[in-house]
Every structure is written in structure tokens, then in C-alpha cells.
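Derivation of every value follows stated rules applied to the coordinates shown; laboratory data play no part. If you're wondering where the values come from, they're calculated on a predicted model, not measured in any experiment. Methodologically, a virtual Cβ is constructed for each residue, glycine included, from the backbone with ideal geometry; neighbour enumeration extends over all protein chains shown.
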Amino acid sequence: MGVRFSYPFLLGVEKEQEASKTLLDSCGARYESFLASLRGNEYPQLDMPEKMLQDVLAIQEALKGLACETEEVVIVGIGGSSLGLAAIHSFLFGHLPYGHGGLVPAVNKRVRIVEMPTEDDISGVLQEANLERTRFVVISKSGTTLETLLGLLSFLDPLRQAHGDAYIKDHFLFVTDPESSALLSFARGIGARTFAIPGEIGGRFSILGSHMAVVFLGLLGLDAAPLFEGAINARKAVLSLSAESHVPFLLGSGVYHGLSRLSKSIWVMFAYGDALEGPMFWLRQLVSESLGKEGLGVTPLAVKGPSDQHSILQLLEDGPDDKIFTFFSLLPRCPRGEALQRVPEEFSSFSFLEGKRLQDAWEALWQSSYLSLASKGKPASWMGLGESTLEDLGVFFWTMEATVIYMGTLLGVNPFDQPAVERSKKLCRALLGGSGLEAEQARIEELLGKHKTKSIEV
Ligand code: PA5
């Protein structure tokens, strides 16, 4: 099933008939050159699923015994090293696994993701989990991200004291750059299992470009192959069909048109269903870090339907006209739940609900917001994701990665770096007294001085 994309209002309602032609005229040549680079394997990020698929069996085999002995998985990582896994978790199991996480009944295991640890996160794991049957997966491409290091160190100290070094070796797994990373040296030093985020793959592209999903799903006893197969199929479709049927072309060019021709600056991602919450946070990072640089980019605003119809929709529809919209919903495979049998007389004006399922109402809810915005001339599109299978999610991940990389070529920015993130990592190390950062420390002193003199207390 994959993803379905609908775009009659992509450029605003008046342009309904002309969307693909307008976009072909304005962006067709640049899309062709993106395709040529894709064909020439110039984007390792978009080619990795094939390579990863080759490793799935061996890794799953190696983890089989461990998976049987595991009833809790604690992921320690942040940004590109957590968002993709959170997206998989929420898409498959319907909720985000941060902090205390939750039980996954389908596999009878518990998952938690710890990004920046709190004392509660640490004591929660140490006191609640069956530590003998808990695995910690520490993920960091650079191996030097402070939050992740703190997560590792905060678990390491008490566990080492209570259970000794052998426990750490057997219960901690590491996913990091296979060439050089402090984390890699540490993991090798203690003889723990290590898995790769290959050199050319940056954090936010690592869900399809590294072993992290294979390790995570392997410990849950699940097969990661469909994730990569979905991505491979999405790539094949883009290389065989014509541009007018490519989501990366239509969506990427459409959003770019909104930015460059209609003076929009915010891309609202309006997603319906808890399962889509993780994928939207993943997408928000992908768009922000890949495109937001050199004064350019688009601000992604992830919004949750239908709850946010009762908080932010008013502003989105009648406030500043600076937004482009994409609605996301799930494509159910079959009718679910019971139809309502009877609506009491007191609610006779709602008697139309008789015979309807909850699922019908979910459909009507996203459609009403979408159509309402479209009828006011707002640029709006819709993407449906096949429900709850890894293969569909693989299609989504790949499609959005390709869309964002293509948009990087339209904007003329490098979608693969994140200088501002690196600057803030450095400043944080400087604040905590890291060495070799004297210039940063002096600047911080100066700014903090001002910050303190100009503060008031109420
Ligand atoms: O996409 C990126 O590169 C970043 O968001 C990183 O994923 C994030 O900063 C975490 O970095 P690392 O995986 O090196 O710990």
C-alpha cells in the first residue's frame, strides 16, 4: 500500500488544475538533475536500504538468543539517534515510548527511550526493570553527544557497582560510527556488541542508513527487513515512473513554490492518530536540520488532529497567511470497530451517527479541516500511510528523505550538515568546563554577565 498522495490544492485552490504543469515548468529541470544524481548513486543516504537489507539476517541471527532473554529495551540516544526508533514504535504500537515508555503487548516487552536522562528516568529503570532481562542500546553517530553520554554514564555507575563489569558487557549494545568514535573505543574496550552508523550517514538519515532499526527490532524479536524493502520499493518507483507521479517531486516542488512564490514560511504537518506522532517528530527534525540554514528553509509545525482542531486550527485558518499544509492520516486496511447502533433521542440532531464507526469520524475530521483550509485558498495536500506495517513506514521514510534532499537542491543548501546543532553542542560543553573551548567560554562569560544584570524577579 505504501503512501498515497493527493495534491489538487497543493498550490492553493485557484490553481487546482495546473499544479503538476506549473511545477514541471518551474522545477522540472532541477528535479531531473536530482534524479540523475540519484541514478548515479550520489546520495548514499538514499541508497543505504539495499545495503542494510543485506545485513538484516546476520544481525537478527546474532541477536536471536539475546532477544529471548530480553523483556525490556532501553534506548539511550537523542535526535537522529532516537527519533527514527520512536517513529517505528509509535507507528507499530500506537504510542511514543519516552520516559517510562510502555509495554508492547504484541511482543510482551517494554521499551523506553531516554534522550536527556532525568533522575526519574534513571531510578525508574533501576527500580522497576528486571535488570537481568534488560538491554541498553546506546546510539550516537558522533559518540560525543553530551545527553547520550550522560545517559550512558548515569546507568553505568550504579549498574557496574551492583552487577560488575560482566553485566555491562552483556547488557549494553552500541550503535555508532564504525570508524572512529569515543563510544566505539569504549564499547570495544569492554568487549560489548557494536553495530554501525556508516561514515557518510548523518543522524537524521540513519533510520534507513544504519543498523539501529535492526538492533531495536531484533531485540523485540521482530524482523526489520520489511522496513528496508519498503524503502527500496519507493526508490524503484521514483526511478521508473514519470515525475508527475513522484511524491518527492510534487510535494518538494509544491512546498518550495509556497516558499518562493507565495511567501509562505511555515509548513504545517497536521497528523491524525497517535501512530503518526512519532513519524511527525522524525519528519520535523529532518526538515529543520536539513533545510534550515543560511537564512533559508521552512519552519515545520507538527500538529496533532483532531485535538489541535480545538487549539490551533483557528489561527491556522484565520491568522497570518504564511502557511502551507500537509495532512497525514492512516489508510485502514479493513473496517475496524463496531458501528454505533443507536443515538438516544436527546441527541437526535446527531442521529446521522447511527451506523457509523469511529473510523468514519476520524476520516471526516481530517477531511473537514483539510477542505476548509483548501476552500479558503490555502495550499494544502494530503498523504495517507498504509496502517501499521514496517514496509509502509519504510516507504514513508524514504519518500520524505528524498523529498527533503531534493528540496535542499532547490534551496541551494547542503541538506547533510547541521552547523547550528554542532555550535550548541560545543557551547554546552564549554558551559560545563570542557577543555580547548576558551574562546567559547569567554563569550559565554560576557553574555551571561549581561543576562544576569538585566534580569528581574517577581
Ligand atoms: O541529524 C543529526 O546529525 C543530529 O540531529 C544528531 O542526530 C543528534 O545531534 C545526535 O547526534 P549523535 O547521533 O552524534 O549523538
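About its Cα centre, the dipole of the stretch 342-458 is roughly 580 debye, where the only charges are +1 on Lys and Arg Cβ and -1 on Asp and Glu Cβ. Tell me whether the stretch 44-223 comes out rounded, prolate or oblate; compute the Cα gyration tensor, take square roots of the eigenvalues as a ≥ b ≥ c, and use a/c under 1.5 as the rounded threshold. Since a/c stays below 1.5, the shape of the stretch 44-223 is classed as rounded. Axis of helix 358-375 versus longest Cα principal axis of the chain: the two differ by about 70°, to the nearest ten degrees.
How large is the dipole of the stretch 44-223 about the Cα centre if only Lys and Arg carry +1 and Asp and Glu carry -1, each at its Cβ, rounded to the nearest 20 debye?
On the way: 13 positive and 21 negative charges, 29 e Å.
Its charge dipole is roughly 140 debye.
Identify, among Leu35, His100, Met48, the residue whose Cα sits farthest towards the positive end of the charge dipole of the stretch 24-107, taking +1 on the Cβ of Lys and Arg and -1 on the Cβ of Asp and Glu, with the dipole about the Cα centre. About the Cα centre, the residue reaching furthest to the positive side is Leu35.
If the chain between Arg261 and Glu422 were fully stretched, how many nm would it gain, using 0.36 nm times the residue separation less the Cα-Cα distance?
Working: separation 161, 0.36 × 161 = 57.96 nm, distance 3.18 nm.
This chain segment gains 54.8 nm when fully extended.
Our note on the geometry: Cα centres of the stretch 89-168 and the stretch 204-254, 27 Å apart.
Which whole-number percent is the relative contact order of the chain (Cα, under 8 Å, 6+ apart)? Computed over the chain, the figure is 22 percent. Using only Cα atoms and rounding to the nearest 10 degrees, what angle (0 to 90) does helix 19-39 make with the longest principal axis of the chain? Roughly 30 degrees, rounded to the nearest 10.
Charges at C-beta only: +1 for Lys and Arg, -1 for Asp and Glu. How large is the resulting dipole of the chain about its Cα centre, in Debye rounded to 20?
Working: 41 positive and 55 negative charges, 100 e Å.
So the magnitude is around 480 debye.
Against the chain, whose longest principal axis comes from its Cα atoms, helix 119-128 is set at around 70 degrees.
Longer than 24 Å from Cα to Cα, which of Lys356/Lys378; Lys141/Lys452; Lys64/Lys169; Lys426/Lys452; Lys236/Lys264; Lys141/Lys293 are they? Say none if no pair is.
Details: Lys356/Lys378 30 Å; Lys141/Lys452 36 Å; Lys64/Lys169 17 Å; Lys426/Lys452 22 Å; Lys236/Lys264 32 Å; Lys141/Lys293 21 Å.
With Cα atoms farther than 24 Å apart: Lys356/Lys378; Lys141/Lys452; Lys236/Lys264.
Phi-derived couplings, Karplus 6.51 cos²θ - 1.76 cosθ + 1.60 at θ = phi - 60°, listed residue by residue for the stretch 212-220: 4, 5, 5, 5, 4, 5, x, 5, 7 Hz, with x used for Gly and Pro. The modelled label-to-label distance for the pair Glu457/Glu244, using points 7 Å beyond Cα in the direction of Cβ, is 6.9 nm. Summarising the amide proton neighbourhood of Lys378: residues at separation of 5 or more, or on other chains, whose placed amide H is nearer than 5 Å comprise Val13. Dipole orientation for the chain: of the candidates Leu437, Leu153, Gly65, Leu437 has the Cα lying most toward the positive pole (charges on Cβ; Lys, Arg +1; Asp, Glu -1). Rounded to the nearest Hz, the phi-derived 3J(HN,Hα) couplings of the stretch 312-317 under the Karplus curve 6.51 cos²θ - 1.76 cosθ + 1.60 (θ = phi - 60°) are 10, 4, 3, 5, 4, 8, where x marks glycine and proline.
Where in the stretch 357-388 are there chymotrypsin sites (Phe, Trp or Tyr not before Pro) that are in a DSSP coil and have at most 15 other Cβ atoms within 10 angstrom of their Cβ? Write down the numbers at each step before the final one.
Numbers: sites: Trp362, Trp366, Tyr370, Trp382; in loops: none.
Taking the stretch 357-388 and a limit of 15 other Cβ atoms within 10 Å, no loop chymotrypsin sites (Phe, Trp or Tyr not before Pro) are found.
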